[in-house]
Amino acid sequence: MADPSSYRPKPGQIPDSPGVYKFRDEHRRVIYVGKAKNLRQRVANYFQDLANLHPRTRTMVTTAASVEWTVVSTEVEALQLEYSWIKEFDPRFNVKYRDDKSYPYLAVTLNEEFPRVQVMRGAKKKGVRYFGPYGHAWAIRETVDLMLRVFPVRTCSAGVFKNAARTGRPCLLGYIGKCSAPCVGRVTPEEHRELAEDFCDFMAGRTGTYIRRLEKDMIQAAEEMEYERAARLRDDAEALKRAMEKSAVVLADATDADLIAVAEDELEAALQIFHVRGGRVRGQRGWVTDKVEAVDTSGLVEHALQQLYGEERGDAVPKEVLVPALPEDAEAVSQWLAERRGSQVSLRIPQRGDKKDLMVTVQRNAQQALGLHKTKRASDLTTRSRALEEIAEALGLDTAPLRIECYDISHLQGDDVVASMVVFEDGLARKSEYRRFQIKGFEGQDDVRSMHEVIGRRFKRYLQDKERTGEWEETPETVPAATGPAPVPAATGPVPAPALTAASPDDEPEPREDDGRPKRFAYPPQLVVVDGGQPQVAAAKRALDELGIDDIAVCGLAKRLEEVWLPDDDDPVVLPRSSEGLYLLQRVRDEAHRFAITYQRAKRAKRIRSSPLDDVTGLGETRKQALIKHFGSVKKLRQATIDEICEVPGIGRRTAESVAAALASTAPAAPAVNTATGEIIEEDDGGSS
């Protein structure tokens with residue numbers, strides 16, 4: 001690990017001009033490329049105290065061995081040079097979007113004497129007009145098949161074309177009217193090129209002209225009683241309309257725009273792009289990237305714009321680019337896009353109307369793409385095995401933790417404090433063994449104390465069951481499992497009680513065996529993960545030590561910087577950003593958080609729906625509703641006298657006295673206040689109806 005101070009430039013050596021800088025490692029490989037309005041200010045930020053740097057930036061500067069820079073005239077030049085260097089050097093610490101597949105385009109080879117319509121993938125070629133990208137090649141072929149009725153452009157390969165020219169016989173499409181057969185001289189090169197250009201105009205969105213022309217010719221043919229020709233023109237117009245229907249209108253003003261949306265978490269980001277031409281979605285693509293540098297949404301957008309338009313010119317860069325966040329140097333990026341297009345480009349965030357609604361759709365696609373990517377990654381056996389091995393290596397475990405339990409605390413400003421426990425076996429969630437708890441040892445907000453209580457309760461019951469049943473020996477025999485259920489200890493006694501039971505009637509009920517006894521845990525975990533940093537880890541370790549348990553590893557995952565904390569260590573373990581082990585720990589932690597907050601919200605909703613009348617013995621739902629209907633609210637009922645309560649049909653004096661006593665004992669000490677608005681909350685509703 002290099003010391004950044006060993007290669008820090010001398011004061012005043014760095015110019016205060018726009019430019020691009022490169023960090024190189026000890027082998028002179030470029031590991032990071034960046035740009036700046038002011039090189040002196042930007043580069044100096046990398047040489048501050050390491051503790052103040054983002055973990056990813058800290059890793060980069062300690063991997064580097066030198067830094068160099070190039071001065072340019074403008075920020076636009078810096079943007080272009082940064083893109084060129086990233087493409088040339090492929091730095092390991094720069095965000096690079098990777099396509100999850102090769103998207104097909106509809107291409108027209110205008111660079112040939114007889115242009116050809118075909119499906120193309122890969123790098124774009126000069127002189128070829130592209131439309132798309134499309135999600136599937138069959139979608140392109142369906143569209144082309146419909147349009148060849150009106151624009152019979154050549155679609156055959158060079159070999160088929162030459163063979164037809166040699167034999168003087170066109171292919172099948174030439175016989176059925178879906179090719180103008182330039183190979184045998186039915187049309188001149190100029191006429192065929194005009195057909196190809198009309199095809200391109202229609203695909204570019206100028207559709208109305210051709211349909212109106214076909215309909216006009218159809219009417220004229222009908223008036224001249226050329227009914228066969230009129231029917232053919234009618235079918236041609238219908239074919240073009242069907243081709244248009246395959247891409248629905250999303251923007252009514254025939255807008256040409258690209259919409260970009262980003263879905264991200266701490267480690268990865270997914271990007272989705274909708275290409276809208278003539279108000280219709282003409283193409284869609286998606287990328288996924290690892291967040292290898294300290295970058296926010298605006299930075300991800302800037303990298304995406306560079307990758308999208310770095311090789312494009314002319315109409316391939318749309319008039320409008322709609323993004324979820326503007327890049328840091330939005331003006332320079334807009335100018336760079338305008339230079340590539342040859343005219344003004346609007347780069348902005350949609351605020352209202354159809355464009356904002358469409359952006360919501362693009363964002364939803366990005367979220368789904370990120371979720372699908374994570375699902376595929378989590379379901380891969382090899383990946384899961386590697387993740388468990390990386391965790392074992394990073395935490396110094398003797399074996400891979402085949403069973404991991406993760407705990408999280410959830411509350412709302414100290415109220416309804418609950419905890420969750422989730423279980424992962426062989427890297428997969430085992431939801432049947434999730435548990436949830438109420439914190440009942442104390443009141444108020446104290447995550448560290450709550451964590452100590454939960455860990456203590458879970459493993460105290462485990463020890464009690466172990467002692468009572470004798471199910472586990474001192475050194476239990478386990479059967480390693482690469483797939484399927486986790487290893488099960490050798491059983492020597494009857495089926496035990498669970499390792500953990502509900503803390504109170506409100507906790508989640510235990511799954512039951514066929515004989516009615518609570519279902520047992522398979523075996524104790526090899527690793528306990530807590531959501532939090534050093535304090536929470538210390539509390540969990542202390543709870544295990546108090547119970548005499550020393551064969552279960554403990555770690556914590558701090559959400560802000562994704563650092564892994566171990567007991568008694570002053571410094572965290574920082575797993576590599578590409579580590580499958582870190583990804584698995586993150587999934588476990590996020591699942592525990594989801595499970596805890598779901599339970600906390602359910603308890604809070606139940607408490608809010610409760611009523612002081614629920615505690616009145618013998619007062620059923622019908623009479624509660626009668627009281628509320630008579631007085632209008634619990635607040636007014638609380639102010640009523642016993643005689644006034646007796647006036648309600650079905651309420652006797654004894655019941656009225658019980659109601660008055662219950663309401664008096666639950667009278668609020670002060671008016672409730674909505675913390676979001678500052679308004680005093682009137683007590684208007686009367687209970688659980």
Kirkwood-based shape ratio for segment 9-116, expressed as Rg/Rh from alpha carbons:
1.16
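In whole percent, and with a 1.4 Å probe on the protein chains, what portion of the accessible area of segment 1-68 is carbon and sulfur? Intermediate results must be reported in sequence, preceding the final value.
Numbers: 1570 of 3530 Å².
Its accessible area is 44 percent carbon and sulfur atoms.
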So how much slack lies between Arg29 and Thr382, counting 0.36 nm per residue of separation and subtracting their Cα-Cα distance, in nm?
124.0 nm
Got a sec to turn the phi values of segment 55-72 into Karplus ³J(HN,Hα) couplings, 6.51 cos²θ - 1.76 cosθ + 1.60 with θ = phi - 60°, whole Hz, x for Gly and Pro?
x, 5, 5, 4, 5, 5, 5, 7, 7, 6, 10, 7, 9, 9, 8, 10, 8, 10
How many angstrom lie between the C-alpha centres of segment 445-462 and segment 263-281?
43 Å
Ignoring ligands, DNA and RNA, what accessible area per residue does segment 325-407 give at 1.4 Å, in Å²?
52 Å²
Each label point is 7 Å from the Cα along the Cα-to-Cβ direction; what then is the distance between the points at Arg141 and Arg186, in nm?
2.2 nm
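Arrange the peptides 255-267, 355-367 so that the one whose residues have, on average, the most other Cβ atoms within 10 Å appears first.
Numbers: 255-267: 20.3, 355-367: 17.1.
Descending mean neighbour count gives 255-267, 355-367.
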Proximal lysines relative to Lys10, as straight alpha-carbon distance under 26 Å, when same-chain residues fewer than 8 apart are discounted:
Lys22, Lys35, Lys37
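With r defined as the distance between the Cβ atoms of Glu197 and Ala165 and R0 fixed at 22 Å, what FRET efficiency is calculated, to the nearest 0.05? Each step should come with its number before you reach the end.
On the way: r = 22 Å, r/R0 = 1.02.
Efficiency, rounded to the nearest 0.05: 0.45.
Arrange the peptides 460-467, 617-624 so that the one whose residues have, on average, the most other Cβ atoms within 10 Å appears first.
460-467, 617-624
Taking the highest mean first, how do the peptides 449-457, 431-439 order by number of other beta carbon atoms within 10 angstrom per residue?
On the way: 449-457: 23.0, 431-439: 19.4.
Averaged packing, sorted descending, gives the order 449-457, 431-439.
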May I ask you to evaluate 6.51 cos²θ - 1.76 cosθ + 1.60, the Karplus curve with θ = phi - 60°, for each residue of segment 359-368 and list the ³J(HN,Hα) values in order in whole Hz, giving x for glycine and proline?
4, 4, 5, 5, 4, 5, 5, 5, 4, 5
For segment 138-237, what % of the accessible area comes from carbon and sulfur atoms, probe 1.4 Å?
52 percent
What lysines does Lys466 reach when the alpha-carbon gap must be under 30 Å and sequence neighbours fewer than 8 apart in one chain are set aside?
Lys431, Lys440, Lys519, Lys541
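For segment 262-356, what ratio Rg/Rh do Cα atoms give with a Kirkwood hydrodynamic radius? Mind showing how you got there, number by number?
Details: Rg = 13.4 Å, Rh = 14.1 Å.
In segment 262-356, Rg relative to Rh is 0.95.
Kindly report the accessible area of segment 12-90 per residue (heavy atoms of protein chains, probe 1.4 Å, no ligands, DNA or RNA), in Å². Intermediate results must be reported in sequence, preceding the final value.
On the way: 3760 Å² over 79 residues.
Result: 48 Å² of accessible area for each residue.
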Looking only at lysines whose Cα falls under 17 Å of Lys291's and that sit 8 or more positions away or on another chain, we get Lys96, Lys374, Lys559
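Using 26 Å as the Cα-Cα cut-off, could you pick out the over-long pairs in Lys124/Lys356; Lys216/Lys319; Lys241/Lys355; Lys87/Lys125?
Numbers: Lys124/Lys356 31 Å; Lys216/Lys319 32 Å; Lys241/Lys355 24 Å; Lys87/Lys125 18 Å.
Beyond 26 Å between Cα atoms: Lys124/Lys356; Lys216/Lys319.
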Expressed as a percent, the accessible surface of segment 315-371 that is carbon or sulfur, using a 1.4 Å probe and the full set of protein chains, is 44 percent
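For Ala222 and Ala158 in one chain, what is 0.36 nm times their gap in residues minus the Cα-Cα distance, to one decimal in nm? Spell out each step's value before the answer.
Working: separation 64, 0.36 × 64 = 23.04 nm, distance 3.99 nm.
The Ala222-Ala158 span can extend by a further 19.1 nm.
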Mind listing the long-range amide H neighbours of Ile31? Cut-off is under 5 Å, sequence gap 5 or more, other chains count too, H placed in the peptide plane at 1.01 Å from N.
Phe23, Arg24, Asp25
Can you run phi through the Karplus equation (6.51, -1.76, 1.60; θ = phi - 60°) for segment 586-600 and list ³J(HN,Hα) in whole Hz, with x for Gly and Pro?
5, 5, 4, 4, 5, 5, 5, 5, 4, 5, 5, 6, 5, 5, 4
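The values are calculated or read from the model by the stated rules, or taken from the named source; none is laboratory data. Every value quoted in this text rests on a predicted model; they were computed, and no experiment measured them. Ideal geometry is used to build each Cβ from the backbone, glycine not excepted, and the neighbour counts take in all protein chains shown. The accessibility values were calculated without ligands, DNA or RNA, using every heavy atom of the protein model including side chains. Shrake-Rupley method; radii C 1.70, N 1.55, O 1.52, S 1.80 Å.
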